[in-house]
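Any read-out appearing in this document is the output of simple, stated calculations on the displayed coordinates, not a laboratory observation. No experiment lies behind these values; they were computed from the predicted model shown. Note that we place each Cβ from the backbone using ideal geometry, even for glycine, and neighbour counts take in every protein chain shown.
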Amino acid sequence: MASLKSLKTDFDLISRITLEFNQKPSVKSFILENPHRVVLDFSGVQGVGQKQIPVKKYKIREVRLAQFKPEILRLVIEGEEKLYYEVKNSGSTVILEVWARLLDGKSIVLDAGHGGKDPGAVGAFGIKEKDVTLKLVLSGKVLVEKLGGRVVLTRDRDIFVPLPQRVKFANNSGANAFISVHLNAATDPTARGIETYFKAGREDSESLAAKLQKQLIDEFGFKDRGLKTAAFYVIKNVRLPAVLAEIGFVTNPEEIKIVNSSDGLARFARALAKALL
C-alpha cells in the first residue's frame, strides 16, 4: 500500500497542488457538478486523515483531502464556477494544475516592439530587443488564452510592421486594451528597472498602466521607475486604452538574463494576466 508523504499547495492564476507518495499511486480524475468539483482518486493509498483547506481566491472555494474508501484517497477541489485541470504524474509525485477562465470576455492587443529589419536596441550578450519582445508577447498570449481571454498580436514572428499598420490593426481589432512591449536601453550597463508609459490625459490608459506596472514590479522585483507620459506613436494613436511597457534594460546583463529566461517569460505572462483581471 502507498502512503502520502507530503501535500503542497500554491494558489495562483494556475493553481498547483503537489502530492508526494512513498511509491507511485494509481490516479483517476473526473468532474462532479453542483457544486463544480475536480476530483482525484488515488487507489491503493490509505492511512490519511481528513484535511480541509479554505482558499476563496482565483475561483477556487476550497481543497479537501480524505480517505474516501479504505483503499482510496480522494482529493477534491471545489470551485465557485467551472474549473479546468491537468494532471501531471511523474513516478511517486502527482501534480494537479487547476484554473478558471478568469479572463473570460477580456480581449487584448499585444504589440511586440520592433521586428524584422528593425532590431530595436542591441544589449548585453548581443541580445536584440525585437527577439525578446516577441518571446514575451507569445508567452503572454498562451496564458491569457488559457484563462479564457482573447489575444491578437501585431506580429507573431520576426517581421517588420510599420507603426501606422500596428495602430490600424489595433483600432480594428475589437479588443479592450493595447499593450506595446519593449525593453529599455542605456549606455550605462547598470541602468535598471521597469517603467510604463501612457498618453497624458487618457485616464483609461493611465489606469491600465498603473495595474500593469504594479504587477510587473511584483513579478520581477526590479526597480520601479514608475508611470510616465509620452507621445509615442502607437499609444498616441490607438483609440483603445493603450500603454507601452519597458520590461527592464536589455543593456543590463543581470536584468536581460532574467527577462529572457523561461522563468522571466512566465513572470511577464502572469503580470499581464493579473493586470487584466
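What's the exposure ranking of 15, 173, 6, 207, going from fewest to most Cβ atoms within 10 Å? The partial results should precede the final answer.
Details: 15 22, 173 17, 6 9, 207 13.
By the 10 Å Cβ count, ascending, the order reads 6, 207, 173, 15.
Mind putting a number on the dipole of segment 107-276 about its Cα centre? Charges go on the C-beta only, +1 for Lys and Arg and -1 for Asp and Glu, and I need it in Debye to the nearest 20. Spell out each step's value before the answer.
Details: 25 positive and 19 negative charges, 86 e Å.
Dipole magnitude for segment 107-276 comes out near 420 debye.
Please find the FRET efficiency linking residue 165 to residue 3, where r is the Cβ-Cβ separation and R0 is fixed at 41 Å, and quote it to the nearest 0.05.
Values: r = 61 Å, r/R0 = 1.48.
Once the sixth-power term is evaluated, E becomes 0.10.
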Exercise. With a cut-off of at most 11 other beta carbons within 10 Å, and DSSP calling the residue loop, which trypsin sites (Lys or Arg not before Pro) in segment 138-172 qualify? Please list them.
Key: 157
Quiz item: With each pseudo-label sitting 7 Å past Cα toward Cβ, what's the residue 90-residue 229 distance in nm, one decimal?
Solution: 5.0
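Out of all DSSP beta bridges in the chain, what portion is antiparallel? Express it as a percent rounded to 5.
Values: 53 of 73 bridges.
In the chain, approximately 75 percent of DSSP beta bridges are antiparallel ones.
Ranked by Cβ crowding within 10 angstrom, fewest neighbours first, how are 205, 139, 26 ordered?
26, 139, 205
Within segment 137-197, list the chymotrypsin sites (Phe, Trp or Tyr not before Pro) lying in a DSSP loop whose Cβ has at most 15 other Cβ atoms in a 10 Å radius.
Within segment 137-197, the qualifying chymotrypsin sites (Phe, Trp or Tyr not before Pro) (loop, at most 15 other Cβ atoms within 10 Å) are 160.
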Practice problem: Enter the Cα centre distance for the pair segment 55-106 and segment 205-239, rounded to the nearest angstrom. | Solution: 34
